[in-house]
Amino acid sequence: EDFIYADVSQVQPGFQVSIVSDLRLNENWNLRFLPGISFGSREITYYEYDPLNGPGNPVQLAGADNPVALGPSFLDFPLHFKYRSDRVNNYRPYLVGGFNFRYDMSAKREFDGESNEYLKFKPADFYLEFGFGVDTYLKYFKFAPEIKLAVGMLNIISEDTRPPYPQFISSIERAMSYIVMLNFHFE
């Protein structure tokens with residue numbers, strides 16, 4: 001019996017453009033809404049167990065386009081709380097955390113006849129996001145570098161299989177997103 005499994009073979013960068021909407025709740029707390037659009041890429045490689053090659057050395061699945069490149073384009077709707085420390089000279093460190101609803105505009109409802117895609121992702125996901133940064137006050141604007149982690153809360157694998165390839169879906173129990181972001185805010 002064949003044993004097939006999938007793996008995200010490499011981390012690939014993307015980029016995001018957002019609009020900053022900020023409501024100051026008090027001296028240290030802000031409520032932020034940052035709607036935007038982000039682009040990225042994923043590459044999934046399928047492997048199969050080869051008894052001649054040994055258990056620790058899987059080989060790439062033959063007979064299919066492999067790896068499968070997926071390029072999500074997300075609409076982002078994050079709502080965050082931002083806690084800022086007291087300002088020291090022109091710097092103000094902060095913590096940020098909240099939720100984000102992401103909708104993948106490139107997620108397909110049906111499989112294309114000529115495509116090399118053997119699995120589909122659900123278009124919507126909720127993310128828990130948290131991170132830290134530093135507000136840097138410059139002469140004409142505020143610059144804030146920020147590092148943030150986004151953890152997807154839902155299984156994004158669609159149950160739809162592409163005939164005659166049900167093994168591609170059955171080889172993945174669940175898929176959840178983890179995104180590390182380096183953001184630069186200009187306010």
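Derivation of every value follows stated rules applied to the coordinates shown; laboratory data play no part. For clarity, every value in this text was computed on a predicted model and none was experimentally measured. Glycine gets a Cβ as well: all are built from the backbone with ideal geometry, and neighbour counts include every protein chain shown.
Assorted remarks:
- Other residues with beta-carbon under 15 Å from the beta-carbon of residue 125 carry, at +1 per Lys or Arg and -1 per Asp or Glu, a net charge of +2.
- Per-peptide average of other Cβ atoms within 10 Å, ordering 170-179, 77-86, 20-29 highest first: 77-86, 170-179, 20-29
- Each residue of segment 24-40 was assigned a 3J(HN,Hα) from its phi angle through the Karplus expression (A = 6.51, B = -1.76, C = 1.60, θ = phi - 60°), giving 7, 7, 7, 4, 10, 10, 10, 10, 10, 10, 10, x, x, 9, 9, 10, x Hz with x at Gly and Pro.
- Computed E for residue 134/residue 154 - FRET, C-beta separation, R0 25 angstrom, nearest 0.05: 0.20
- Residue 173 versus residue 95: modelled label distance in nm, points set 7 Å from Cα along the beta carbon direction: 3.2
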